[in-house]
Amino acid sequence: MRPVLGSICGELHVEPLPHPLSKPHCFGAGCATDDENTVSVGLLTLELYLGGTTSLKEKRSRVAPVVRRIRTKFNASVCESDAQDVLTRAELSVVVVSTNDSHVHSQLQAVLNWVLDARLDVEVLDSHVELIA
């Protein structure tokens with residue numbers, strides 16, 4: 001016969017989550033001040049043209065290396081955010097998170113410059129940089 005869970009573990013005690021507007025908890029000796037808790041999030045949207053693409057498989061084979069190289073070279077999050085079913089166009093969203101606004105902006109600018117200069121199999125039609133937080 002299996003024992004009942006409550007008889008082994010006793011009572012289950014769950015503490016409520018802190019209120020979202022309350023101050024964050026500080027753990028350890030290296031607690032950050034309020035100024036060090038700010039996070040900057042930057043978004044770069046790239047609209048790419050893929051001339052001569054005849055299938056979605058070919059499109060994926062041209063976009064995937066760009067996404068992979070941005071992820072590894074710049075340590076950024078990248079996804080194909082729009083036009084997944086359009087053969088000759090792709091929209092990539094690149095996100096960088098840091099504690100410094102200028103670092104976020106410079107990283108996104110470096111990504112854009114790299115895509116423009118890397119002689120990839122894609123052409124940049126439009127780009128937009130946005131600082132979110």
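The values are calculated or read from the model by the stated rules, or taken from the named source; none is laboratory data. Bear in mind the structure is a predicted one, so any value in this text is a computation, not a measurement. Cβ coordinates were reconstructed from backbone atoms using ideal geometry, including for glycine residues, and neighbour counts include every protein chain displayed.
For (1) more than 22 Å from Ala118 (Cα to Cα); (2) at pLDDT 90 or above; (3) of a type outside the set (Lys, Arg), each residue gets a yes or a no:
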residue	(1), (2), (3)
Asp34	yes, no, yes
Gly52	no, no, yes
Ser55	yes, yes, yes
Ser77	no, yes, yes
Looking only at the range 105-133, and only at residues there that are part of a strand (DSSP E or B) and among the β-branched types (Val, Ile, Thr), the one that is farthest from Lys59 (Cα to Cα): Val129
The range 92-104, residues that are assigned to a strand (DSSP E or B) and either buried (at least 18 other Cβ atoms within 10 Å of the Cβ) or among the aromatic types (Phe, Trp, Tyr) (or both): Leu92, Val94, Val96
Out of the range 66-82, which residues are part of a helix (DSSP H, G or I), surrounded by 13 or more Cβ atoms within 10 Å (Cβ to Cβ) and not basic (Lys, Arg)? Val66, Val67, Ile70, Phe74
Which residue, of Ser81, Ser77, is under 24 Å from Ser40 (Cβ atoms), touching a helix residue (DSSP H, G or I) at 6+ places or on another chain (Cβ under 8 Å) and among the polar types (S, T, N, Q)? Ser77
Return yes or no: is Ala29 more than 18 Å from the chain's Cα centre (by Cα), within 25 Å of Asp117 (Cβ to Cβ) and at pLDDT below 90? no
